[in-house]
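Q: Starting off with a structure, shown below.
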Amino acid sequence: MSDAAGGHAPTRPSGEAPVRGIRPALPDAPARIARLAPLARGPVFGAMAALAVLLATTSQWYGFHRDELYFRMLDPAWGYVDQPPFTPWLARTITSVVDEPWALRIPAILAAAAAVLVLALVAREAGGGRRAQAVAAWAAASASFPMVFGHVLLTASFDLLVWPLVALFAMRALLREGRDGAGGGTAGRWWLAVGLVTGLATYNKLLVLLLVAGIALGLLVVGPWRVLRSGWLWAGVGIAVVIALPNLVFQVANDLPQLRMGAALAEDTDGAGRLLTLPFLLLLAGPPLVPIWIAGLVGLFRRPAWRPIRVFAVAFAVVVLATIVGGAQPYYPLGMIEVLLALGAVPTAEWMRTRGRSALVWAGIALNAVVSALIALPLLPLALVGASPFAAMNQTVGDTIGWPTYVAQVAAVVDDVRDGDAAGSAGAAANADAPVVITSNYGEAGALARYGADHGLDPDAVYSGHNALWFQARPSDAATEVVFVGELYRRVTGDFASCTTEAHLDNGLDVDNEEQGVPITHCTGRITGWDELWPRLAHLS
């Protein structure tokens, strides 16, 4: 597809035959807008519906994801040490009405389906006709990581929509701007939309600021420099700052917890994020789609009509470089890959001028959809997951398996402790000495909070030092016995008279997730106060 990426800038919708020997002149903005192709409603809405139905059908299979269990137990707040407030608030609100995975995942499904539409509009804005929009929509619907994040409710689920939306509005401001200079036309008003979406998005994830910083740097490096004099641009910046201000104030007032969290993530991965970022670029959408988004990246340099949006090439470089330097999660460039995928649909559609080439592209998209669904979604029977490679390939699969079983095993240890206390002391003393449960991570705490009551556990007696849960609650001074889940007990073994490992978590499915095989340890006879113990149990990751 490299020949298509280097073609002349089309002023016609892609897919129409060019007139040989005539190089079209770059039109003024109003003429170009008039020649934008109509929205390809059939293929675009078809792709949206197919993705939404697939995600909705599988939304109840397996179980809650560890992050979902965590979100639903967080008390409402302006922010947390590991994230802004929106997604936990949404999860808690939904589960207070219907506490099931399918209900919790509705927003993620809607975000993923809406992203398909926005990416088709990105292709259309870049000059794509019906075929290009269809390629953009179906490629987006078949992509691997968007399918992962559309299946469970994560902060990244909303990034699927936010990043393409910011890119679309910025494209409209840049491509529709008249030749008469800064602020001369009405196209600059789209910067207000960029500011609005950016400001609101900071309440879900501050990562969107990296995209905006990349666009800003792109304007400085490759232009169009006249935009920097636009009053609309600076009004958009003002809107973003005003809307995001409470969130930013929280960060400053709490010593920038997001920076601490980023450093903890980098330390937790031991720099693996730096090594995995570049290989992950080939997997974020899926290997069959790599030629399409690379065609979009190349087209930003070789297509004259795309000169005003070359900022996105700089933004891509900024996001990838920041991910490597930060050493955090290698999927952070996903939003830019989505945008490049939509842009690449335009030269790809032009390249598909023969039946053979068209069949090759559609076969690649179909293959990508099948492989993505097998990796991203709970399609296999639970009994087969452990013997398959999918849990190892996609951590979110393993993170949705085994929670009720794990809770039952923890409850069994707690019951044994209670029975032993009851046998050795009076009933009143037994109640006073009833053990609290402290987990090593928020997934275990969230599972006990969700399923513990079914096994006689008190959700209010479940604690964790992990991330925001450390700040939310700690055991009372009366608690002298603890059932620890995981390895965290090793930090405080010398602060109890005895610690005995009673059991190990086992999902019974041979799925090697983070909980499989971790110890359940009973510690009794606390000899150190919680004021000293609790800080030692705090950890970020």
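Q: Would you check which residues across the stretch 348-365 are more than 28 Å from the chain's Cα centre (by Cα) and part of a helix (DSSP H, G or I) and list them?
A: Selection gives Ala349, Glu350, Trp351, Arg355, Gly356, Arg357, Ser358, Ala359, Leu360.
Q: Could you please tell me which pairs satisfy a Cβ distance under 8 Å, a separation of 6+ or placement on different chains, a first residue in the stretch 360-386 that is within 27 Å of Gly402 (Cβ to Cβ), and a second residue that is assigned to a loop (DSSP other than H, G, I, E, B) and of a type in the set (Val, Ile, Thr)?
A: Leu377/Thr58; Pro378/Thr58; Pro378/Thr400; Leu379/Thr58; Leu382/Ile401; Val385/Ile401; Val385/Val511; Gly386/Val511
Q: Of (1) of a type outside the set (A, V, I, L, M, F, W, C); (2) touching a helix residue (DSSP H, G or I) at 6+ places or on another chain (Cβ under 7 Å); (3) assigned to a loop (DSSP other than H, G, I, E, B), Ser372 satisfies all except one. Which?
A: Unmet condition: (3).
Q: Within the stretch 62-79, is even one residue assigned to a helix (DSSP H, G or I), surrounded by fewer than 18 Cβ atoms within 10 Å (Cβ to Cβ) and in the same structural domain as Ala342 (by TED's automatic domain parsing)?
A: Looking for residues that are assigned to a helix (DSSP H, G or I), surrounded by fewer than 18 Cβ atoms within 10 Å (Cβ to Cβ) and in the same structural domain as Ala342 (by TED's automatic domain parsing), one finds none in the stretch 62-79, hence no.
Let's see how each residue does on (1) hydroxyl-bearing (Ser, Thr, Tyr); (2) crowded, with 24+ Cβ neighbours inside 10 Å; (3) out of contact with any Leu (no Cβ under 7 Å at 6 or more places or on another chain); (4) assigned by TED's automatic domain parsing to the domain that holds Ala137:
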| residue | (1), (2), (3), (4) |
| --- | --- |
| Ile292 | no, yes, no, yes |
| Ala295 | no, yes, yes, yes |
| Ile309 | no, yes, no, yes |
| Val318 | no, no, no, yes |
| Leu321 | no, no, yes, yes |
| Val325 | no, no, yes, yes |
| Val346 | no, yes, yes, yes |
| Arg353 | no, no, yes, yes |
| Ser358 | yes, no, yes, yes |
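Q: Need at least 1 residues that are touching a strand residue (DSSP E or B) at 6+ places or on another chain (Cβ under 6 Å) and not aromatic (Phe, Trp, Tyr) per element, so show me which helices (runs of 4 or more DSSP H) inside the stretch 139-220 make the cut, counting only ones lying wholly within it.
A: none
Q: Any residue at all in the stretch 179-198 that's assigned by TED's automatic domain parsing to the domain that holds Ile106, under 17 Å from the mean Cα position of the chain (by Cα) and farther than 30 Å from Gly63 by Cβ?
A: Quick first cut of the stretch 179-198, residues assigned by TED's automatic domain parsing to the domain that holds Ile106 only: 179-198.
Okay, now just the ones that are also under 17 Å from the mean Cα position of the chain (by Cα), so 197-198.
Next cut, farther than 30 Å from Gly63 by Cβ only: 197-198.
Yes.
Q: Residue check, Gln133 against (1) among the polar types (S, T, N, Q); (2) outside any loop (DSSP other than H, G, I, E, B); (3) modelled with pLDDT under 95, all met but one. Which one?
A: Among (1) among the polar types (S, T, N, Q); (2) outside any loop (DSSP other than H, G, I, E, B); (3) modelled with pLDDT under 95, Gln133 violates only (3).
Q: Looking only at the stretch 206-229, how many residues end up being of a type outside the set (A, V, I, L, M, F, W, C) and either modelled with pLDDT of 95 or more or buried (at least 21 other Cβ atoms within 10 Å of the Cβ) (or both)?
A: Residues that pass the stated criteria total 2.
Q: Within the stretch 105-123, is even one residue touching a residue at least 60 places away in the same chain (Cβ under 8 Å) and more than 22 Å from the chain's Cα centre (by Cα)?
A: Yes, that holds for at least one residue.
Q: Could you tell me which of the residues Phe169, Phe145, Phe158 is surrounded by fewer than 24 Cβ atoms within 10 Å (Cβ to Cβ) and either of a type in the set (Ser, Thr, Tyr) or within 22 Å of Ala376 (Cβ to Cβ) (or both)?
A: Phe145
Q: Within the stretch 63-98, how many residues turn out to be among the aromatic types (Phe, Trp, Tyr) and farther than 14 Å from Leu153 by Cβ?
A: Summing the residues that are among the aromatic types (Phe, Trp, Tyr) and farther than 14 Å from Leu153 by Cβ in the stretch 63-98 gives 2.
Q: OK, next. Could you please give the count of residues in the stretch 499-523 that are part of a strand (DSSP E or B) and touching a Ser or Thr at 6+ places or on another chain (Cβ under 6 Å)?
A: So the answer is 5.
Q: While we're looking at this one, here's another question. Which condition number in (1) under 27 Å from Ala263 (Cα atoms); (2) without any contact (Cβ under 8 Å) to a residue 40 or more places away in the chain is the one that Thr521 fails?
A: Of everything listed in (1) under 27 Å from Ala263 (Cα atoms); (2) without any contact (Cβ under 8 Å) to a residue 40 or more places away in the chain, Thr521 misses just condition (1).
Q: Mind checking which residues of the stretch 382-418 are modelled with pLDDT of 90 or more, over 19 Å from Gly486 (Cβ atoms) and more than 30 Å from the chain's Cα centre (by Cα)?
A: Result: Asp415, single match.
Q: Quick one: which residue in Leu297, Leu220 is free of Cβ contacts under 8 Å to residues at least 12 places away in the same chain and under 25 Å from Gly195 (Cα atoms)?
A: The unique qualifying residue is Leu220.
Q: Please pick out the residue among Ala114, Ala140 that is surrounded by fewer than 24 Cβ atoms within 10 Å (Cβ to Cβ), closer than 24 Å to Leu200 by Cβ and aliphatic (A, V, I, L, M). First the steps, then the outcome.
A: Details: Ala140 fails: surrounded by fewer than 24 Cβ atoms within 10 Å (Cβ to Cβ).
Unique residue meeting the criteria: Ala114.
Q: Okay, moving on. Within the stretch 223-241, can you find the residues that are under 25 Å from the mean Cα position of the chain (by Cα) and among the β-branched types (Val, Ile, Thr)?
A: Val237, Ile239, Val241
The values are calculated or read from the model by the stated rules, or taken from the named source; none is laboratory data. Nothing here was measured: the structure is a model prediction, and the numbers come from that model. Neighbour counts are summed over all protein chains in view; Cβ atoms, including those assigned to glycine, are modelled from backbone coordinates with ideal geometry.
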